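The values are calculated or read from the model by the stated rules, or taken from the named source; none is laboratory data. What you are looking at is a predicted structure, and each value in this text was computed from that prediction instead of being measured. Ideal geometry is used to build each Cβ from the backbone, glycine not excepted, and the neighbour counts take in all protein chains shown. These accessible areas exclude ligands, DNA and RNA; they are computed on the full protein's heavy atoms, side chains included. Shrake-Rupley method; radii C 1.70, N 1.55, O 1.52, S 1.80 Å.
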Amino acid sequence: MEAEIRAEFESSGFSIGGAGPEDAAQILSTLLTYCINYKMSPGDLVSNWEVYYLNRQLDGLKLERSYVDGFLSHLQNEVKERLIEEEANLHVYSSNDVDMLFNNSHADEAAFLDTPGSKQEKPPGESSNTELTPLTSDRPSSSRMAKTNGDRITPFATRVNKFTQQYVLNSDNAAIMPSKHEAETTEDELIRRIQPSQRCSLQVQRSQPEPGCRFMYDRMEDRFNYLEDRIRKSATLFSASGLCGEPADATLASEEKMFAVGMVTCDGEGRLNEKSILLQGSVEHSRGERVRLDLKDLDHFSLFPGQVVGIEGHNPSGHCFVASKLIDLLPVSVDAQLPSAKKQAVDDGSHHQNSDAGTLSRALSSVIAAGPYTTTDNLLFEPLQELLSYACRKQPQLLILMGPFIDSDHPDIKKGTVDQSFHDIFYSEVLRKIQDFTQYLGNTVRVILIPSVCDAHHDFVFPQPAFDLNLPEDITHQISSLANPSLFSSNQIHFGCCTVDILKQISGLEISRKPPAGKPGDRIGRLATHILKQQSYYPLYPPAGGVPLDFSLANEALEISSTPDVLLLPSDLAPFAKVLSLGEGSDDQKPFICLNPGRLAKGIGGGTFVDLYYNEDTSRTNASIIRI
């Protein structure tokens, strides 16, 4: 089995070794012990190693003895979390449950005798323990636990290192963080504020599908058309660029060099490796047939299932296409700019100072976060409240909140112990807090909400429509909801966003080879550039488990027509802020910023978010990853 483990690591681009051959044997013996103790196959072990490798941002592709102990701790944590998830339906009763029953016994009897539509009145002297802002103190909390335990000290409340910077992009341009005294200002001090000087603009380039769309009706024909359109459009782009010849049929035997365009697929159900790579052509050029790829002559490549590539080579036998050159960057279309008719301006007429785009500078202050927004031990939404308090002090022009808001993986949601509907929890614990935040700061702040497929109260489909918020008319110009994924601009700065964890999914399926004398590359950056090189928010096919990809909605909604200035890709991988570019051979070589703000809540503790100040271009832009 040690040989299988070594082969699995080498197929993923990793090597096992140390100072001598005895080190490699000892590491293999240790890895074999891990497989036996934790009941893992070699493939599962390598998948866990890749997650550990990416999160720790290790250098090189060699598994050395110094990494083994840390990898063991990672495996132990994974097993522990899996056991907790498997036993999530078990409930251990304690004194808190007894107190809850006694406190609610009279209320339950009255509710039983009353009519279903009537409302239970509070006793005159009863006080509320909910964690709500002053403007929402009379609203119900999300669960009985929140009512009975509102005064308890939670692990999140006792956390340390609040609002500390984990990483700063372009630290020379970094803004000064608030001091500890400023971080503990009261709500009365927050009200006495200085409003931001200028309201930012907001324009939506693409936000599809629309709320209330019909989904779960895609047919096999829709799946075929989606894949065929991707390959055919890519072939048209390669042909129009003039850099390559006309696409040919890669399945035909020929000793002459030819250029082919197709989609990378695997010849089985397992993980992609160098021996299982197939190229599927379009119906137009190769009748949709597949041919095996031989990549032995390439010194470097990076491939994953669903990737559309251009390949130069020959097929001497008719059964195997020997590649001599691989192009994974799709050329940009000449008409990549969206027609103005498809752009939706969100500005209203009362703010005429922003109606003229030419008078706006490309500068924007923003705070960006991704859910979950509450810890796993309660539904008090303390991290969200802390984030809004920080935003009140920082006073950004734009607050971008990405789902999940009501996480379907939260223990209380999964066990069904809440006494409100998921929609009621969202409106009472999330949306009303955000409304109060906008009222505190006035009409100069904007908030954008983007859903996630993990939102329990929203449509389980991808692409995903925006929330139907039904807001009061006086704040509809301040709080906007966009689809997942979406493309929008603020102060002429273009943002692209997708809340599906595409980075983690591609990282587990990608196969790559680096030049023999090449320096260790930035794998996270390479994964992020795959999204723009493929001009799709979700280029992976077949989709990962848990992603409800609807092919009847995906054709236009997932397309990325041009490189945005800021690409938001929230992920379970380690948070990062990077300046990237598509590299040589691209018609659009301008650098862009890619952000993974991390998760605002992690388990029973706090996570991270991003404070971004974009100033004209990437060189003068500052982005800080901050612990909540």
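One residue alone among P542, P516 is open to solvent by 50 Å² or more (accessible area, probe 1.4 Å) and either in the same structural domain as K296 (by the TED database) or farther than 21 Å from G262 by Cα (or both), and that residue is P516.
Any residue in segment 495-513 that is closer than 30 Å to W49 by Cα, in contact with a Gly (Cβ under 8 Å, 6 or more places away or on another chain) and not hydroxyl-bearing (S, T, Y)? Yes, segment 495-513 contains a residue that is closer than 30 Å to W49 by Cα, in contact with a Gly (Cβ under 8 Å, 6 or more places away or on another chain) and not hydroxyl-bearing (S, T, Y). State whether one or more residues within segment 1-19 are exposed (fewer than 13 other Cβ atoms within 10 Å of the Cβ), not in a helix (DSSP H, G or I) and not aliphatic (A, V, I, L, M). No; the residues of segment 1-19 include none that is exposed (fewer than 13 other Cβ atoms within 10 Å of the Cβ), not in a helix (DSSP H, G or I) and not aliphatic (A, V, I, L, M). Among the residues of segment 251-265, which ones are buried (at least 16 other Cβ atoms within 10 Å of the Cβ) and touching a helix residue (DSSP H, G or I) at 6+ places or on another chain (Cβ under 9 Å)? Across segment 251-265, the qualifying residues are T251, F259, A260, V261, G262, M263. Looking across segment 488-502 at every residue that is surrounded by fewer than 23 Cβ atoms within 10 Å (Cβ to Cβ) and of a type outside the set (G, A, S), the one that is nearest to the chain's Cα centre (by Cα) is identified as D501.
Answer yes or no as to whether Y440 is without any contact (Cβ under 8 Å) to a residue 24 or more places away in the chain, open to solvent by 40 Å² or more (accessible area, probe 1.4 Å) and either outside the structural domain of L568 (by the TED database) or among the aromatic types (F, W, Y) (or both). When the stated conditions are applied, Y440 does not pass them. On inspection, E221 does not qualify as among the acidic types (D, E), within 32 Å of the chain's Cα centre (by Cα) and under 30 Å from D522 (Cα atoms). What residue, of S365, S428, S361, is surrounded by fewer than 24 Cβ atoms within 10 Å (Cβ to Cβ), touching a Pro at 6+ places or on another chain (Cβ under 9 Å) and not in a helix (DSSP H, G or I)? S365 is the lone residue from the list that is surrounded by fewer than 24 Cβ atoms within 10 Å (Cβ to Cβ), touching a Pro at 6+ places or on another chain (Cβ under 9 Å) and not in a helix (DSSP H, G or I).
Is segment 416-434 home to any residue that is touching a Lys or Arg at 6+ places or on another chain (Cβ under 9 Å), in contact (Cβ under 8 Å) with a residue 24 or more places away in the chain and closer than 25 Å to L83 by Cα? Yes, segment 416-434 contains a residue that is touching a Lys or Arg at 6+ places or on another chain (Cβ under 9 Å), in contact (Cβ under 8 Å) with a residue 24 or more places away in the chain and closer than 25 Å to L83 by Cα. In segment 3-19, the residues that are closer than 15 Å to S66 by Cβ reach residues that are of a type outside the set (A, V, I, L, M, F, W, C) and in a loop (DSSP other than H, G, I, E, B) with C-beta atoms within less than 8 angstrom, at least six apart or across chains, in these pairs: G17/E64; G18/E64. Which of the residues belonging to segment 266-280 are in contact (Cβ under 8 Å) with a residue 40 or more places away in the chain and open to solvent by 10 Å² or more (accessible area, probe 1.4 Å)? Hits for segment 266-280 are G270, R271, N273, E274, Q280. Considering segment 54-87, the residues that are outside any helix (DSSP H, G or I) and more than 25 Å from the chain's Cα centre (by Cα) include one that is modelled with the lowest pLDDT, namely E87.
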